[in-house]
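Notes for the one structure printed next.
The values are calculated or read from the model by the stated rules, or taken from the named source; none is laboratory data. Everything numeric in this text was worked out from a predicted model, so none of it was measured. Cβ coordinates were reconstructed from backbone atoms using ideal geometry, including for glycine residues, and neighbour counts include every protein chain displayed.
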Amino acid sequence: MSNDTDQISAIEASVIWKTEGKGGEDIGVHFFERRNQKSPASQTFQEPQKLSTLLPVSPLTYDGEIIKIRWCVRVRIFLEGGVQITEDCHFQLGKVVCPKELKRFSDLDESEIEKECGGVDSSGTLD
Amino acid sequence: MLRRINLFLRGRLFSGSNRRWWAGVAEASFAGFIFFLGVILFVASLTVAVIYGSPNGFFVSGYQLILQIVLALSLVCLGTYWIARLIWDFGVSADRRGALATRASELELVQDFRKPRTKLPAIPAERLPPRPGRKLKFRLQPSPRNVWGLLTSAAFSIVLTSTFTILLIIVINALQNRTSQWETGIQQSIGPSRLSSLPDVPWIAAVLSLPILAAAFWSIYLFIRQLLKLTGIGPTGLEVSAYPFQVGECYRFGISQTGRVRLKLLDVSLVCHEIATYDEGTDIRTENREVFSKRLFRRRGIMLRRGQAFYSEFQMQIPAGAMHSFKSSNNRIQWKIIVVAQAKNWPRLNRNFTVLVHPADETYQGTGNHVANPSLKSGPSRNSTNPVGF
Amino acid sequence: MSLNQVFRNPFSTASVSPGKIEFLFPKEMVIDDVAQNFSRNRHWAQIVGPHGSGKSTLAIAVANHLKSKFDSIVMMTLLGGNSLKRKFIFQPSNPRKTDKVLHVVDGLEKLSKFQRQLMLYHQKKLNLSHGHGFVFTTHRTWSQIPILFETSPDTVRFYKLVKKLHPTMPAPIIRQAFEKHRPNCREALMELYDVYESFCFASR
């Protein structure tokens, strides 16, 4: 990439989440920035570029059975000849366990949950 | 007796917590009977008017016909109103109305649920915001019931009953004509050879009327069954200590059930579904996968008594590490609380409460009102090293 | 938050939707043959086949193969009633009215007889006067349009397709999935999605 830096006309960086799995692909754009040679932030593309954004609290990265949610930083480089180079760098947001591991929770004894939550009288009354 | 008439006029004979199982069947059947009686009378009036139409006009004129049609339409309207009230009363119990009236001042609390949540992208907005509860802070609203089955069976019943009525009138009319001409022939001593000139009996109509009658009875049975399914037993109330839910948190629940039946089973479960929509060529398919299910409450042999709603409290924890509610164009993650009630001689009852689950508090500095009972917040799951929480 | 390796299910919709996977032809047949046949029919033809047999995949493959002959390619998915989805597969940076467009019309059977006649009349006019190309996909053969290809997947080609997506998928599972949903390859691939998921969980 460093050999091509002279030819770069613009760089687009976006922070996105996208869904994968059996359903159609959905994309949500959290952050987007385009830098070209004239942008004050770019100075020269020979130097490393930085971006910063405050990530939202949802949707969290999820590895479900038929739905998966991924977060990534997508960088699109526009070369002067009209060529585009796209690269996705994935990262994890939050810590959600996959449903099959979660199913262990449903096998737990009710008394264990009572212990976790603190005792609550569950006897029925007619009022 | 006067008291019974008074109760009937106020529409309380069969409804509310005094309800017996046979009372529900009787009320639904009677409302259906009134409705179909109106339909039959209306169709019969029009058919008779056409058959005996005056030579100058299509319909016979006169006050008798107008009176019949007015009576028929009144019966149809009365039946429709009664059925609609049955369905509505089922959803809005006296219990809930009371709670709404006494705690109207707290309504502004729930208005917040309608506002868009910009802080939580891709988390759906609340379609049915909870109401103020009677014993706990919020009362969840059940998902709307599907009335399409009821409407379809009603439409089929109306068409079949009308068709049968028309065919029956045609056959009776032909038989009456034949009998009267025969009697006239006998009186005038006409021989049997002249009988062939008598009007024919419409055999096709007579034969067709029998399977149509059977189909009409079957569709009316299905209609009453659908109605009972929608209105049977009493309303189920589900109250919670805090809402919306947050992953990893514990909540206190209160379930109330009215009616006057012996419930064989009352079951409450928490489930999570992944719902994905995809194009298959030019068709759109939806796949629904249950990825988590946990029984929260089960009780057998509950005797619901007159004027006394069954009420019980239990607790629930949204498992730590679970996924929050999510919605995008083609994908959805939906949490539900499903209440199953089974009574003797009654179709199995399923009531769904779609609930919102937000991410855990470590990531979300929300409104701060999500835990009503601090004693329940002490679960160690959120600080546990195990991602599942145990 | 940490950088991580992402494992994508090779049978997810994003990986197997038309345009993402290659259409596998029967023996001794290549895309050139179909593209030449399409050109001989003055860029006016239909692809016929059952549900999920690869009609849309083939139509997009043909369109992409003929990219050089047209200025833009449009995918038009008919959804029944009056609704449709329009998507550019390829579009020039400065489109003009005189551009030659290749239209991929997906799901011709979704239209009523009257709608279909009306649409075909207008499209034939565009085809003759402006040189626009039209490739239709349909479940039923329509007599007004020459047949370009009839899709009928078989076990061998489905096996090859799956092996390209996931080389280590066992053959009996592939065969079983195909036989269960034959000739609907899309449904068979959806079943393999679940198989892959269970493999992944078991290997964790």
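In region C:131-150, the condition of being part of a helix (DSSP H, G or I), away from chain B (no Cβ under 14 Å) and more than 21 Å from residue C:35 (Cβ to Cβ) is met by no residue. Picking from residues in region C:73-92 that are among the aliphatic types (A, V, I, L, M) and over 10 Å from residue C:105 (Cβ atoms), the one that is farthest from the chain's Cα centre (by Cα) is C:79.
The residues in region C:149-164 that are surrounded by fewer than 22 Cβ atoms within 10 Å (Cβ to Cβ) and touching a Phe, Trp or Tyr at 6+ places or on another chain (Cβ under 7 Å) can be counted, and the count is 1.
Residues that are β-branched (Val, Ile, Thr) and assigned to a helix (DSSP H, G or I) were ranked within region C:151-164; the one that is farthest from the other protein chains (Cβ to nearest Cβ) is C:156. With respect to (1) crowded, with 18+ Cβ neighbours inside 10 Å; (2) among the aliphatic types (A, V, I, L, M); (3) modelled with pLDDT of 90 or more; (4) not in a strand (DSSP E or B), the lone exception for residue B:228 is condition (3).
If you scan region C:8-55, which residues turn out to be of a type in the set (Ser, Thr, Tyr) and in contact with a Ser or Thr (Cβ under 6 Å, 6 or more places away or on another chain)? Selection gives C:53 alone. Within region B:122-163, the residues that satisfy the criterion of being under 20 Å from residue B:255 (Cβ atoms) and among the small types (Gly, Ala, Ser) are B:133, B:143. Which one of the conditions (1) farther than 20 Å from residue C:139 by Cβ; (2) away from chain A (no Cβ under 14 Å) does residue C:20 fail to meet, given that it meets all the rest? Going through (1) farther than 20 Å from residue C:139 by Cβ; (2) away from chain A (no Cβ under 14 Å) one by one, residue C:20 breaks only (2). Taking the numbered list (1) more than 7 Å from chain B (Cβ to nearest Cβ); (2) surrounded by 20 or more Cβ atoms within 10 Å (Cβ to Cβ); (3) not aliphatic (A, V, I, L, M) in turn, residue A:59 passes all entries but (1). Of all residues in region B:281-292, those satisfying the criterion of being more than 25 Å from the chain's Cα centre (by Cα) and more than 17 Å from residue A:62 (Cβ to Cβ) are B:281, B:282, B:283, B:284, B:285. Can we say residue C:59 is of a type in the set (A, V, I, L, M), within 14 Å of chain B (Cβ to nearest Cβ) and either within 29 Å of residue C:166 (Cα to Cα) or within 16 Å of the chain's Cα centre (by Cα) (or both)? The answer is yes for residue C:59. For region B:341-363, residues that are surrounded by fewer than 18 Cβ atoms within 10 Å (Cβ to Cβ), polar (S, T, N, Q) and in contact with a Phe, Trp or Tyr (Cβ under 8 Å, 6 or more places away or on another chain) total 1.
Of all the criteria given as (1) more than 22 Å from residue A:18 (Cβ to Cβ); (2) touching a residue at least 24 places away in the same chain (Cβ under 8 Å); (3) under 16 Å from the mean Cα position of the chain (by Cα), the one not satisfied by residue C:32 is (3).
For region B:297-332, filtering for residues that are more than 7 Å from chain A (Cβ to nearest Cβ) and closer than 26 Å to residue A:60 by Cα leaves 6.
Among the residues of region C:138-176, those identified as more than 20 Å from residue C:25 (Cβ to Cβ) and more than 19 Å from the chain's Cα centre (by Cα) are C:143, C:144, C:166, C:167, C:168, C:169, C:170, C:171, C:172, C:173, C:175, C:176. Taking strands (runs of 3 or more DSSP E) as the structural unit, those lying wholly within region B:244-348 and holding at least 3 residues that are touching a residue at least 60 places away in the same chain (Cβ under 8 Å) correspond to B:250-257, B:262-280, B:310-317, B:331-343. Residues that are facing chain A (nearest Cβ under 9 Å) and not hydrophobic (A, V, I, L, M, F, W, C) within region B:254-284 comprise B:256, B:274, B:277, B:278, B:279, listed in sequence order.
Taking region C:165-204 as the range and being more than 14 Å from chain A (Cβ to nearest Cβ), among the basic types (Lys, Arg) and surrounded by 12 or more Cβ atoms within 10 Å (Cβ to Cβ) as the test, the residues that pass are C:175, C:182.
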